[in-house]
Each structure stands twice: as C-alpha cells, then as structure tokens.
Amino acid sequence: MRYLPLTPEDRADMLGVIGAGSIDELFVDVPAVARRSEPVDLPHHAGEIEVERELLRLSRRNRSAAEGPFFVGAGAYRHHVPATVDHIIQRSEFLTSYTPYQPEIAQGTLQVLFEFQSQVAALTGMDVANASLYDGSTATAEAVMMAQRVTRKNKAVLSGGVHPQYVGAVETLAHAAGVATLRLPAAIDAEDAVIAAIDADTACVVVQTPNVFGTATDVTKIAEAAHAAGALLIVVTTEAVSYGLLKSPGAMGADIAVAEGQSIGNGLNFGGPYVGLFACKEKFVRQAPGRLCGETVDADGKRGFVLTLSTREQHIRRDKATSNICTNSGLCALAFSIHMSLLGEQGLRQLASLNHQKALATAKALAAIPGVEILTPRFFNEFAVRLPKDAAEVVETLAAHGVIAGVPYSRLEPGSGLDDVLLVATTETTLDTDITFFAKLLAGAVQ
Amino acid sequence: MRFTKDHEWVAVEGDIATVGITAYAAEQLGDVVFVEVPEVGKTVAQGEGLAVVESVKAASDVYAPVSGEVVEANAELGDAPETVNAVPEAGGWFAKLKLSNPAEVDALMDRDAYEAFLSTL
Amino acid sequence: MSMNNVGRPTRPEASNDDAGFASLSGGRGLLQDEPLIFELGGWTKTGVDLPDAVPADSALAGLTRDEPIGLPGLSEPEAVRHYVRLSQKNHAIDLALYPLGSCTMKHNPRLNEKMARLPGLSDIHPLQPQSTVQGAIELMDRLAHWLKTLTGMPAVALSPKAGAHGELCGLLAIRAAHEAAGNGHRKTVLAPTSAHGTNPATAAFCGYTVVEIAQTDDGRVDLADLESKLGDHVAAIMVTNPNTCGLFERDVVEIARLTHAAGAYFYCDGANFNAIVGRVRPGDLGVDAMHINLHKTFSTPHGGGGPGAGPVVLSEALAPFAPTPWVVHDDSGYRLVEEAVGPAAQAFGRMSAFHGQMGMYVRAYAYMLSHGADGLRQVAEDAVLNANYVKARLSDLMSPAFPEGPCMHEALFDDAWLEDTGVTTLDFAKAMIDEGFHPMTMYFPLVVHGAMLIEPTETESKAELDRFIDALRLLAEAAKAGETGRFKNAPHLAPLKRLDETLAARKPKLKWKPVAPAPLAAE
C-alpha cells in the first residue's frame, strides 16, 4: 500500500519494543462484540491507474461549465481564476499545514490571514473581518446569532430577497438557539419591506444586495430604521465581485457584512468548499465568531502575527463560545487573497465592470424575445426573467441543446408561485457567442 | 477591605462597595488583556457573575462578593486592562455597587483570614 | 609547469564562531522578512489582463462606489515571490512529522488533489440541472456507501462542512427526534470533562445545558457517575471514542445501553476514527450519530485551518430527521432531494446552502478507493502501532498519563516528569521546533496536567519515528540536566522568536492601516 511506510519487519520490531505479541493485543480494549477479524465488505486497495479510471468515469458524466454556454449563478459564480492561484495553494507549506497555533512556524499562514482580513475589511467597508467561516450561508447564520448576543433580542427579520437556501441555514441555527425568524415573501425588488417588519424585539434585519433575483439596493434607509429600533443591519452578498462596482455594505450603514467569497479565487466545486466572509464594526468584535489574526511583535521586536482574541472561541470558552466553529476555510481564504492581490483595486474594478456589461448585453438579447420579460430593475451580473413557460422545463430543454440557461427559482423555493422565473447569471467568462446562442435557443423554446 | 474565597475584594464606603480581584488572583491569571465590566444599573445578587476577566488563554468570571446595584464601572480598564495586573487592589477595581444587604460584607473574610486561606492553597 | 592558480577557494575557511552573526540588511540568508501586500503593491498595479469593458447603459446610477476601496495589486512575478516567501515560514506535514494529537496530520496524497481538479468534478455548479451532474451525485452516493459500510450505520448526512458542523447536525437530528416523540423537555447533554471544546460549544448552540461526566483514574467515562446523571431530562451524551486521552472506551457498549435505557441518544465525536477505521464499526457499539472528519481520517488537506468536511452517520432512529439534501437512486438515475417536503418532511432543515464539500468528497473517495477495505484496516493498525511505539520508547524519560495498557492512535504524557526542572510543557514543545518538529498538542485534554498529546499517524516510517523519538529523548535529558536556557527562549531557530500574544490581545490590530495619508483613488 503506497501510503503506508511500515514494512512487515518494522511492524514486528515495533511490537517487540512495545512488548505486544500481536497487533490484536493493542486493540484489547475493544469489546468482543465489535471486534472484526476480516475487513469490511468493500473493494480492496487500488493503484493510481485504477483510481484515476474510476474518478474519470464519474467526471465524464458531468457537463462542466467550460464546455459551452453557462448562465448559472444564484450564489456561486464561474469566474476565471489565474493559474498562479492554484499553483500557490498547492504548495506543501500552505496545503499541508494545520491551523497556525504555533506562530513561530506558521508566519506564512498567519500573514496571509492578516492580509485576507485587511482585504475583506476594505471590500466590505467594515472595520474588521475574521479569518473566514465555512461559506456565505453559514456566515449569515452566524451573523444572526451574533446580533442576538449584541442586542440580547431574539428575533431576526429576513427580506424576501435573501437566497432561500441561506434562509434555510439561518433557520436551522436560529431555531436551534431559540431565535425567531420572520422571512418576508419572496420579492424581486422589495428589500425595503423589512422596515415595516422591524419592532422592539428585533435583533437584526438581514437583507441581500445584489439579492437572489440580482437586484442591487441602497440599504442606507434600512440601516437607519434598524438602528432607530436598536437592531443591527446584516448585509449579505453572494457575489463578491460586485464589491468592485457597488457601494460597500459599510458605506450604507451595515453593522455586519457577510458574503460568499467563492467568486474570487475559488472554483464552483459543485457547491463546496467555499469561503464565508465575515466583517463587522469594531465595537462588536468580541462577539464575532471564528478565528482572528492580529499583529504583534516577537521577543526580538520583529513584526509578526498571531491568532488573537481567542477567548471567544470554543477551545477556550467551551459552552460560552461565540460559535462552535473550529476548522474554517483557510485554503479557500488563501486562494481568495492571492486572486485579490493579483487583481488589485484596478483589476477588481475592471472585472466588475466587465461582469456588469456582459449581463447588460445578455438582458438586452433576452428582452428582445417575445414573451420574455426582464424582472430585475437594477442588476450587477445576474437578473431574473419571466418566461411564458415553466422555467425548470425550459432549463432542461436548453440543457439538452448544450446551453445551461440558469437556475429556475422554483428549485430554490418550491411553492413560491414563481415557477416561470429564471435566474440568469453572466461573468467575464461569458462569450458574446454564448449570449447569441442562448437567446436563439430560448426564443425557440418559449414559442 | 474584605475578601472572598473566589479572590474578589470589596471595600465599603457608606453604602457603596468597590469590587475588584485580589493581587493573588491577578498574579495567577497572568497578563490580563480584557475586562468585561458590568453595565451601570444592573442588579446582581451575591455570588452572581459580575464581570469577566480575560487573559490570552482563559476567561474567568468575577462573582459579585455582595448584592447590589451597579452604580459605576471602571471605564479605564477598557483601554488599560493591564491596570488589573499593576494595581489590582486599587486602580484595577471593576465596579462600584450600591449595597442592598450590607450585612453580607461582615460575613466576608478580613485580610488576615484571607491570607490564612491563601496559605492553605 | 604552467602554475594556473586562478581558481577560487574550493573548501571553507576554518570556521570562526558565528554566534551572533547578523546580515547587514536584516534577513537571514534565504529566509527574508516579507512585507505586507499593502506595503509591496501598487494602487494601480494589477497581475491580470482583462479586456476593457464596453460602456453600456446601466441602471446602477447612485449605487456605485465612488470612494477608493484600498486594495493593493501585484504583478504576477511579485505575487508569486510574495506567497512563496511566506510559504517558507510555515511548517507542514510534507516537511516533517506533525504530531498534533486529536488532529490526525497524515500524508495528503497528491492523486487526490489531481482528481479533485478534473474539470468534470471541479468546474460544475451546484444548481445546474441534475441531469447534467449525474456523475457528481453518483460520487456522493458512492462516498455515502463507503462511510456507511465502514461505520456500520444505516444513513449518512454528507453536507456538514467540518467536525463542529457535524456535531451540530447530529445534535439537531437528536433534538428533532426527541421533539417528534414528545420529549422536547430533554435539554441536558452529558459530556466528559476531557471533551473537545466543540462539544459543549455545539450543545450550547442547540439550547442544551452541558453537564460533565466524571472520568475514572484510568482515563475513561465513569459509569457510575454517568448512570447517576442520566434521566428523563437528558437528551444525549457526547462521548469521543477513542477518547481524547487516546484510549478506547472499553465500556462503550454499556455506556450505550445505559444511555438508551434512559431514553437518550449516544452522539459519538468521531475525530479519532483513524484509530479504528476498518477494524471497528461504531454501529456495533450502539452509537446513534457520529461525525467523520474527512480532513483527518480520510486525508483531505488541512490547508492551514480548513476547509474540512464533517459527514454524520446516523442510526435507524435518527435517519428520518437528517437534513437536506440527500441522494436517492432509482431507474431514472441519481437525484438530490433538496427540500424537506412530502415523505422527507421530518428533515430538520438544511445545514448550509448547496450540497456540502464536494471538493473534499472527491479527495476522500480517491483516498478510500486507494486504500480499500484492507488498506484502511491497515491504516488503523499502523496508526495504533506507531503511537504505542512512541509511548513505549519515551516512557522511561517522560511520564505517560495512563501507563497501564495500550493506547490507541495517540500517546498522552503529563508534565510530572518535568517537575523541578524549571521547564514547562510549553517550553518543551517550543524546543521541539528547534529540532525540526511541530509541537504536539499541549494542555489538552484538560483533565491531564500539562498534557502532551502525540499523534504520529500511520504515514510515518519507522525511521522518521525514530528520528522524532531520538530528538525528544535528547530534549528530555537536556531538561532534566537543567539546561533551561535551551527551553525558556525556544524556539531559537524558527523564522520568529516567541510572539507577544498579550500585546496582540490588549491592543488588537486586526488589519493593515495606512501609516501615511490614505491612498488616492485608482485611475
């Protein structure tokens, strides 16, 4: 077995040193009822050639995004990731290191985390950011829990524009902890509707911009209304590239900004691993979940970085911790940070503009089809369209012709009555010919 | 000044009790990096959590040695938590309580009794 | 002769004492101080070439950023150097043994990385039509089959994103089962003092109160104490097995029986599954739910802190309450059930958006296929053998916390042997860095004074184990000989000396701030 260095002779020698007659003697504490003399009923070991064959078989049964026109978004976006990113994250010292608990021999990881936190704080316009959470949806759920700790109130109001699967993640955690959630009915352009739902018991309002229908909203008024009622404003973003074009959550008064960071540096990966961005106002930092990296000096006075404010975390505070999170998304955060360094301010702004232009061009082409209506009034790189047919059926029809048209909203929220709504996303990887072909096929499919 | 077995001290002036942690406790905790002081107006019963004092690797609850209402919290500790290490039984105080049951004070240890208690640890 | 003596010297000069030598520019040979990207980069510099965006009519007026963001850019060569230089300041499993107890730092096969990057497995979207991702869903089904077979459990929820997320998933399934049975009043979770911090943190997040179970002198759950604390108020017990002392809970079957008799569920923290994979099935022990850290037992890389994956296997009683999504398979192919409606209505909800950590599933599946049932069994045996070998070879110098009987995959020492040396567990661990090893897990579990928890894993050769043990023996002898200077300021040879964590916590600097006036906007 290629991954196991011990030889039979080694094993015999080592048992001798230990003073055991056989390996079974080391498992003597296992109750007789659970001792197994034979391997379980699964195939035996396989070489690289066989394993590659099996994984290739499975991979060939999937239609990858690069194969043709692809307009799927709704919380995960296919962007081009520079080759440098994947090269660096496969370096042994980043890939195969553990959480940087020994700062003297983990300055590489720690400095990256400090740079990552600085980048996320800048992008979101917030005071501080943590060293990542699992993904955007769990970051949203953690933000709601944090708002409860800060305000000591027990109700979260979510707009009808929040991604339904994010709502699901929030409800799971909130209900476990006894926090009530009020989610407003799905609405394409009604983030402001949360204002009417704020009351004295409200710990936080959760809005998304651009929202799940792609609508970008200035949430400044919502922030004012939340603050007037002693509630926090949590702003969710599922497309981090939009930060390059749109006002930051911090500039609009957010108390906590959370986002899915997958778009920068990370592939689609069928939904994970992704990277949750979490940023907040400085005065709330001691209630924040997850790891924080901070600057300090070593015994010689040289600048260095350490994990800090750890008394918030489970390994110290146990049942009073701000979150149970331990493992986070370190390597995905590294990928994010490298890609962002390569982009820089100028590159990000250009990338964002490019994404926006592609969406405008796509919307223009689709709007020309009789019976197809663009529903999203102000969008970044994704918008909702109303079709004269069931959107899920149209998606299947177009997929059979090589175009992955988008996400039928009904897949995210069955029973919402929006079965004719299709979410269409574009990125810089969308070709002009993709748009033309998509429009042509869609025109045929909705006749 | 009176003391508890949980290493809090209390100094009473009129009906106001100033509360902190003892020099022994400050030494045992190591470098104090953060103190969560109570909000003014909060009412605490004897033995309830009053504040939290944090070192790098641990968070410890500070219990109210006497019952009362918080009338002042030591705002200086926000910027200078090291004060707790430097002068634990003076400037490093945490909160001032308006006593609701002054009799509780008399039941606490005096310095000699506390020193004797420490020698048993 | 021609006397051609123009060559350079080809042997070193006789060595002078280099102690205290410092370079003129501040770095140390190939190991240089590396500035932050904010100090290196330019506000108008970029390492990507993108086509220009063609202006078009946008409805975003009033919503766009007008202020600078404050993001530095690096050209590609600058970026590569920055990150490669930083990488060289890290220890890694690829460099040397990484004996962090409870973390299972084993070799990360590169085949798994290669497989995870196949476009058909990496460049697919969680929401594209299921008809176009049949291979991906089949892979999830295959992974589920392997996990169920290895654990002897009937069901698995794949979607949790890490161990702690798995614990949350397991406890929420338990809570949902209690509520469905009208037992919502059960609000207590019992857990040993030696538990991972995530256990009480997770229980508290679920609204449960944690009561600690005492431990016996031989490092196991105290059955009498457990029995006295079980009752109608108890929802579950959370027990790690093998436990955090590196010992198998030999009474685990009785623990399960007592727990079930009291109407509670048995949550097993599976962080230490590596010790028993392929040899012992938790399902045979009476476990109701257990998370599996794919980033430990099944070798997906730790990546400097993540990502991980924490699938949870579930018993028959808990399976109906598993979160969405899950895979079903029929004549028409594979399908992901994404919504808790109809027959799936008992599902407690979803753990996150989408379907879980697919990138980790691919790696773990490639790892499982590579080992097979026989190889995985060998994994457990070699992991346990290596740990016992470490324990046996260090027991004369260091004090094992539980000297009697074998340990499982990790060897636990206390600091009794350091008494009167002036050297602490922390000092000793930091001195290991100078010898080229990562420190072991320290001061955990909390029940052992000055704990040193060493988990070598099965992917260490005997030669590397001997090298490690020999280094520890030399250090232990130095400690006992009173060479405190070697320890008190250790590490001496790392990229940095010990760091001031007090300063970091008292005056948190959590992001870069410009020292000069803010940069001007790009353009």
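The values are calculated or read from the model by the stated rules, or taken from the named source; none is laboratory data. These numbers come from a predicted model, not from an experiment. As a convention, Cβ positions derive from the backbone with ideal geometry for all residues, glycine included, and neighbour counts pool all protein chains shown.
Here are the numbers for the structure shown:
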item	result
From the options A:G271, A:G265, residue that is closer than 27 Å to C:P160 by Cα, at the interface with chain C (Cβ under 8 Å from one of its Cβ atoms), of a type outside the set (D, E) and out of contact with any strand residue (DSSP E or B) (no Cβ under 6 Å at 6 or more places or on another chain)	A:G271
Residue that is touching a helix residue (DSSP H, G or I) at 6+ places or on another chain (Cβ under 6 Å), touching a residue at least 40 places away in the same chain (Cβ under 8 Å) and assigned to a helix (DSSP H, G or I), where the choices are A:A279, A:A259, A:A335, A:A251	A:A335
Any hit, region A:289-302, residues being within 21 Å of the chain's Cα centre (by Cα), more than 8 Å from chain C (Cβ to nearest Cβ) and either under 29 Å from C:Y208 (Cβ atoms) or surrounded by 24 or more Cβ atoms within 10 Å (Cβ to Cβ) (or both)	yes
Tally of residues being small (G, A, S), closer than 14 Å to C:I454 by Cα, touching a residue at least 12 places away in the same chain (Cβ under 8 Å) and not in a loop (DSSP other than H, G, I, E, B) across region C:379-437	5
Options A:T96, A:T138: the member that is in contact with a Gly (Cβ under 7 Å, 6 or more places away or on another chain) and either at pLDDT 95 or above or buried (at least 24 other Cβ atoms within 10 Å of the Cβ) (or both)	A:T138
Region A:177-202, residues that are surrounded by 22 or more Cβ atoms within 10 Å (Cβ to Cβ), part of a helix (DSSP H, G or I) and not β-branched (V, I, T)	A:E191
Some residue of region C:161-177 being in contact with a helix residue (DSSP H, G or I) (Cβ under 9 Å, 6 or more places away or on another chain) and surrounded by fewer than 24 Cβ atoms within 10 Å (Cβ to Cβ)	yes
Subset of region A:26-53 [farther than 26 Å from C:L139 by Cα and touching a His at 6+ places or on another chain (Cβ under 9 Å)]	none
Criterion violated by C:E458 - all others in (1) of a type in the set (D, E); (2) within 12 Å of chain A (Cβ to nearest Cβ); (3) under 23 Å from A:I105 (Cβ atoms) satisfied	(3)
Filter result for A:L277 (crowded, with 24+ Cβ neighbours inside 10 Å, within 8 Å of another protein chain (Cβ to nearest Cβ) and either within 21 Å of C:G306 (Cβ to Cβ) or of a type in the set (A, V, I, L, M, F, W, C) (or both))	no
For C:Q215: the one exception among (1) within 14 Å of another protein chain (Cβ to nearest Cβ); (2) more than 22 Å from C:P307 (Cα to Cα)	(1)
Hits in region C:342-378 (condition: surrounded by fewer than 19 Cβ atoms within 10 Å (Cβ to Cβ) and more than 7 Å from every other protein chain (Cβ to nearest Cβ))	C:G342, C:P343, C:A344, C:A345, C:Q346
Count of residues meeting criterion [acidic (D, E) and either in a helix (DSSP H, G or I) or touching a Pro at 6+ places or on another chain (Cβ under 8 Å) (or both)] in region C:198-219	1
Residue tally, condition touching a residue at least 24 places away in the same chain (Cβ under 8 Å) and either outside any helix (DSSP H, G or I) or within 7 Å of chain C (Cβ to nearest Cβ) (or both), over region A:351-360	4
Tally of residues being in a loop (DSSP other than H, G, I, E, B) and within 14 Å of chain B (Cβ to nearest Cβ) across region C:465-509	5
Test for C:V362: is it closer than 24 Å to C:A490 by Cβ, part of a helix (DSSP H, G or I) and β-branched (V, I, T)	no
Pair list, Cβ under 7 Å, 6 or more apart: region A:91-108 residue β-branched (V, I, T), other residue in a helix (DSSP H, G or I)	A:I105/C:I433
Set A:T124, A:T109: member being more than 7 Å from chain C (Cβ to nearest Cβ) and within 30 Å of A:E295 (Cα to Cα)	A:T124
Test for A:H80: is it in a loop (DSSP other than H, G, I, E, B), modelled with pLDDT of 95 or more, exposed (fewer than 14 other Cβ atoms within 10 Å of the Cβ) and under 34 Å from the mean Cα position of the chain (by Cα)	yes
Count - residues of region C:438-464 that are under 15 Å from C:Y98 (Cβ atoms) and in a helix (DSSP H, G or I)	1
Which listed residue is basic (K, R), at pLDDT 95 or above and under 17 Å from the mean Cα position of the chain (by Cα), from C:R335, C:R363, C:R350, C:R281	C:R363
C:E78 under 38 Å from the mean Cα position of the chain (by Cα) and under 30 Å from C:H492 (Cβ atoms)	no
Those residues of region A:428-447 which are crowded, with 17+ Cβ neighbours inside 10 Å and out of contact with any Lys or Arg (no Cβ under 6 Å at 6 or more places or on another chain), in sequence order	A:E428, A:D434, A:I435, A:F437, A:F438, A:A439, A:L441, A:L442, A:A445
Residue, farthest from the other protein chains (Cβ to nearest Cβ), within region C:151-160, restricted to residues that are in a loop (DSSP other than H, G, I, E, B) and in contact with a helix residue (DSSP H, G or I) (Cβ under 7 Å, 6 or more places away or on another chain)	C:P154
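This table checks each residue for (1) under 36 Å from the mean Cα position of the chain (by Cα); (2) within 7 Å of chain C (Cβ to nearest Cβ); (3) in a helix (DSSP H, G or I); (4) of a type outside the set (K, R).
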{"position": "A:E50", "(1), (2), (3), (4)": "yes, no, yes, yes"}
{"position": "A:E54", "(1), (2), (3), (4)": "yes, yes, yes, yes"}
{"position": "A:A74", "(1), (2), (3), (4)": "yes, yes, no, yes"}
{"position": "A:D86", "(1), (2), (3), (4)": "yes, no, yes, yes"}
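Let's see how each residue does on (1) of a type in the set (A, V, I, L, M, F, W, C); (2) crowded, with 19+ Cβ neighbours inside 10 Å; (3) under 27 Å from the mean Cα position of the chain (by Cα); (4) over 30 Å from C:G70 (Cβ atoms):
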position	(1), (2), (3), (4)
C:H438	no, yes, yes, yes
C:A476	yes, yes, no, yes
C:A481	yes, no, no, yes
C:K497	no, yes, yes, yes
C:P514	no, no, no, no
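Conditions (1) at the interface with another protein chain (Cβ under 7 Å from one of its Cβ atoms); (2) under 44 Å from the mean Cα position of the chain (by Cα); (3) assigned to a helix (DSSP H, G or I), marked per residue:
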| site | (1), (2), (3) |
| --- | --- |
| A:M1 | yes, yes, no |
| A:L4 | yes, yes, no |
| A:V17 | yes, no, yes |
| A:D24 | no, no, yes |
| A:V30 | yes, yes, no |
| A:R36 | yes, yes, no |
| A:L42 | yes, yes, no |
